[in-house]
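Asker: The structure that follows is given in the form of structure tokens.
Read-outs: derived from the displayed coordinates by stated rules, not from any lab. In this text the structure is predicted, and so the values were computed from the model without any measurement. Cβ: placed from backbone, ideal geometry, glycine included. Neighbour counts: every protein chain shown.
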Amino acid sequence: MGDGGRVSQRERLATSRGVATPPDRLTESWRRSESYGISLDSVSPVFTGGVDTGSLFYECGHEVLLGLEETLTGEPVSLMLTDADGMVLGRVCSERGLLRALDDVYLAPGFDYSEREAGTTGLGLALADRAPSLVRADQHYCTELWDYTCAAVPVTDPVTGELVGCVNLTTWSEQSHGLLLALARMAAGHTSALMLARGRGRTPRPVARGEVFRVHTARDDEPARPLLSAGWRTALAEVRSALSQGRSVGVVGEPGAGKVALLAEALAAVHPHDRVLTARPPEPQDTQAWLGLWAPELGKPNTSIVVGRVDGLPSRAAAELARTVAATGTATTVLARRSFTVTACDPARVPEPLGTLIDTFVEVPALRHRLDDVLPLAGYFGRAVRGRPVRFTPAAGRALSTFHWPGNVAQLRQVVRTAVTRADVVDARHLPAEVFGGAGRRLTRMETVERDEIVACLRDGLSVAHAASRLGMSRATVYRRITQYGIRTPRERG
């Protein structure tokens, strides 16, 4: 067994009651539950208070569950949404007896039903392993939940790939559960599709399954990286110092902030002869193949490894990776840890088995907190795309350097890539409309189209009156939309 053959209390209880041998995923979850101090007899999840019912995930998921509930009229099934941390956001159920019973075990909005708080459940296992999960009756860790069967499927943002929550279906344990997981899968899929349709109209992310690792090596034709601001240099110095001392490093920060780039730059400075392999989490079903392909590189001379987005790894993959690093061998363990670095959005979200292997966490500031980096990075990205220097006009420079960059450096790279395909000298009119908007919320597809049309008119130099005439709106409506979408024209930025 992966943890040295240790048998948990829950496994002994299962054996004493003649429970069939459970799958490995369940026994691993039982052992984690025991390590969290979960009671075998009663469930007592934390009540976290108010729930976020204003998110795109909740809006779409709730609508999908309402539709599904109509097809299950008379069936004792509770349909639930949880957030990524396992907090129950809402329930849809017409069976009062089941609702009262679920209230008794606190499977209700506002309660944290993650594996760490409630032990092995369908939703807890689905979130921990990032995989569809069915937990039947006595497969639950806590005996108080043996009256129920739960099927849960995680839901990811179709654009960013970020885990946003899960769909959970719960029924009585004596009910047929044959279709329960299939229904949960369908609801999760419909939720993700509806989120994409109502989002910003961007294309969905590529499936992670094909990306195992990339090799970073310096090329003679690459432009020199620009000298960046104090915030970046401070973070870089901290990482370099830790690596120089042989410490394993985790770099954290918002998505797209440049975490892998920071690690690659620091590794190139401290270990200039190393090759750098970067790995990103695969789809859960591909975990073993993913680990088998690159994990043998751990501990090899002149090899540094960056495992990105470890907060997106399933619990099983994180535990297996931690065991692999720890078991690299006495002679090479120090080398393995020295060459092993990770990235995540938040150190608190790094899976516990991996967190114990990281000696130092360093945060990369978001791009909006280091706006002095925008123009140097824009020039760097532009030259990388065109193969020659690219110039930005003062109007374009003002637009870029005053935008709030919610997508950080990754968004800037894409904006520059789009702009430099249109001209060698980039003006404000070559920039996408998103750079001129400042809405504090996610826009729908129709709102995005409307904003882009207004920006296009104003960017062409039209007055509000002429823009209103071209768009078939009143001037008052255009003024309201400018305020609503936070639109600023290049002239206003000057």
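Asker: Using unit Cβ charges (K, R positive; D, E negative) and no other charged atoms, how large, in debye to the nearest 20, is the dipole of region 391-493 about its Cα centre? Each step should come with its number before you reach the end.
Answerer: Numbers: 18 positive and 9 negative charges, 31 e Å.
Result for region 391-493 is approximately 160 debye, rounded to the nearest 20.
Asker: Cut-off is 10 Å between beta-carbons; in what order do SER229, SER244 appear when sorted fewest neighbours first? Show your work: numbers first, answer last.
Answerer: Working: SER229 15, SER244 12.
The most exposed by this proxy come first: SER244, SER229.
Asker: Within a 10 angstrom radius of the beta carbon, how do HIS271, HIS140 rank from fewest other beta carbons to most? Mind showing how you got there, number by number?
Answerer: On the way: HIS271 17, HIS140 29.
Result, fewest neighbours first: HIS271, HIS140.
Asker: Enumerate the amide H contacts of PHE392 below 5 Å, restricted to partners 5 or more residues apart or on another chain; note that Pro and chain-start residues carry no placed amide H.
Answerer: Those lying under 5 Å, H to H, from PHE392 are VAL426.
Asker: Listed highest first by mean packing, meaning other Cβ atoms within 10 Å per residue, what order do 105-112, 458-465 come in?
Answerer: Numbers: 105-112: 20.0, 458-465: 15.4.
Most protected by this proxy first, the peptides run 105-112, 458-465.
Asker: Counting each DSSP H run of 4 or more residues in the chain as -39500 (n - 2.57), what helix-only mean residue ellipticity at 222 nm follows after dividing by all residues, to the nearest 500 deg cm²/dmol? Walk me through the numbers on the way to the answer.
Answerer: Numbers: 20 runs with 205 residues, N = 494.
So the helix-based figure for the chain works out to -12500 deg cm²/dmol.
Asker: Same structure again: When only C-alpha pairs under 8 Å and at least 6 residues apart count, what is the relative contact order of region 9-198, in percent? Don't jump to the answer; show the numbers that get you there.
Answerer: On the way: 383 pairs, mean separation 43.6, N = 190.
Relative contact order for region 9-198 comes out at 23 percent.
Asker: Let me ask another. State, as an integer percentage, the relative contact order of the chain based on alpha-carbon contacts under 8 Å between residues 6 or more apart.
Answerer: Reported as a whole number, the value is 12 percent.
Asker: Among TRP290, THR483, LEU66, whose Cα sits farthest toward the positive end of the charge dipole of the chain (+1 at Cβ of Lys/Arg, -1 at Cβ of Asp/Glu, about the Cα centre)?
Answerer: THR483
Asker: Also, I was wondering about something else. Using packing as a proxy for protection, rank 179-185, 278-284, 254-260 so that the peptide with the highest average count of other Cβ atoms within 10 Å comes first. It would help to have the intermediate numbers written out before the result.
Answerer: Working: 179-185: 17.9, 278-284: 20.1, 254-260: 23.3.
Highest mean packing first, the order is 254-260, 278-284, 179-185.
Asker: Dividing the convex hull volume of the Cα atoms of the chain by its residue count, what figure in Å³ per residue is obtained?
Answerer: On the way: hull volume 78.8 nm³, N = 494.
It comes to 160 Å³ per residue, whole-number rounded.
Asker: Neighbour counts of other C-beta atoms within 10 Å: give me CYS93, CYS345 arranged from fewest to most.
Answerer: Working: CYS93 21, CYS345 18.
So the ranking, lowest neighbour count to highest, is CYS345, CYS93.
Asker: Given SER55, SER29, ALA410, which one lies farthest toward the positive end of the charge dipole of the chain, if we put +1 on the Cβ of every Lys and Arg and -1 on the Cβ of every Asp and Glu?
Answerer: ALA410
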